[in-house]
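*Asks:* Encoded as structure tokens, here's the structure I'll be asking about.
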Amino acid sequence: MAAFGNVVPFNREPAPSELINVGPSLKGDTLKFLVADDHDLVREAIGSFIETEGAVDVFLAADLDEALKAIDEQGAFDLVLLDYNMPGMNGLEGLGKAIAQNGGKPVAILSGSASRSTAEEAIRAGAAGFVPKTLGSKSMVMAAKFMAQGEIFAPFNFMQKMGQPEDVKTGLTQREQQVLRGIAEGKSNKEIARDYDLQEVTVKLHVKTLSRKLDARNRTHAAMIARDRELI
């Protein structure tokens, strides 16, 4: 993945404050997107999804402050995608700041766990849309370009069903239970993805959510907790 903008020496990891451009050089009417998420894997995966579509220059930021700085330095983006739970967001307060900073151009919310009510509230507050992180790569790219054209995006199934309802007993969605069962069976993310016709990055997102919900240190710990609590 090519890096532009700030030059990052190859012999060290980039600091969180260093903005990285992962797309092609800007040419003519090339769209310019900003993806802000504090999770490295998610940020880079989404950036890659959008980059592969072509004619889009994608910039990455690790928190709200870095996103606002990017907008200030790079000028308004055709689309800004903000993780709902990343540092600095403070609920939808960060959304308002980004909308004001981006000069009226679209700003949308990304989330792996927010509810339908949060999605509706975000859209009422001026978001260009609500994008679940579990959305497929092609759908993610289509949604991003759709919003960049000034349209409002929210997945129909998510708005109808709140994604997937959580089980009252376990507090987990059906998909999370499936992933947790795969973890407990000792399967890799790739194997779980194949079993349920998912992308591997989607499974990784579910593993992250499961670790947070179960207060688990890692996937092995999550499996132990699942067995102790009879969640699967």
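The values are calculated or read from the model by the stated rules, or taken from the named source; none is laboratory data. Note that the structure is predicted; figures quoted are calculated from it, not measured. We place every Cβ from the backbone using ideal geometry, glycine too, and count neighbours over all the protein chains shown. All accessible areas refer to the heavy atoms of the entire protein, side chains included, with ligands and DNA or RNA removed. Shrake-Rupley method; radii C 1.70, N 1.55, O 1.52, S 1.80 Å.
*Asks:* Just the number, please: carbon plus sulfur as a percent of the accessible area of the range 71-122, 1.4 Å probe, no ligands or DNA/RNA counted.
*Replies:* 39
*Asks:* Turning to a different aspect of this structure: Roughly what would the spin-label model give for THR220 and MET142, points 7 Å off Cα along C-beta, in nm?
*Replies:* Simple spin-label model gives 4.2 nm for this pair.
*Asks:* Let me ask another. Could you pull out the pairs from LYS69/LYS208; LYS32/LYS204; LYS32/LYS190; LYS133/LYS190; LYS97/LYS208 whose alpha carbons sit more than 22 Å apart here?
*Replies:* LYS69/LYS208; LYS32/LYS204; LYS32/LYS190; LYS97/LYS208
*Asks:* Just to check I understand the Karplus step: with θ = phi - 60° and J = 6.51 cos²θ - 1.76 cosθ + 1.60, what whole-Hz values come out for the range 220-232, glycine and proline as x?
*Replies:* 5, 5, 4, 5, 5, 5, 4, 5, 4, 8, 6, 7, 10
*Asks:* Also, I was wondering about something else. Report the FRET efficiency, 1/(1 + (r/R0)^6), for THR52 and LYS190, where r is their Cβ-Cβ distance and R0 is 30 Å, rounded to 0.05.
*Replies:* That pair, THR52 with LYS190, gives E of 0.90.
*Asks:* Another question about this same structure. Going by the alpha-carbon gyration tensor, a ≥ b ≥ c the square roots of its eigenvalues, is the range 74-232 rounded (a/c under 1.5) or, if a/c is not under 1.5, prolate (a/b greater than b/c) versus oblate?
*Replies:* prolate
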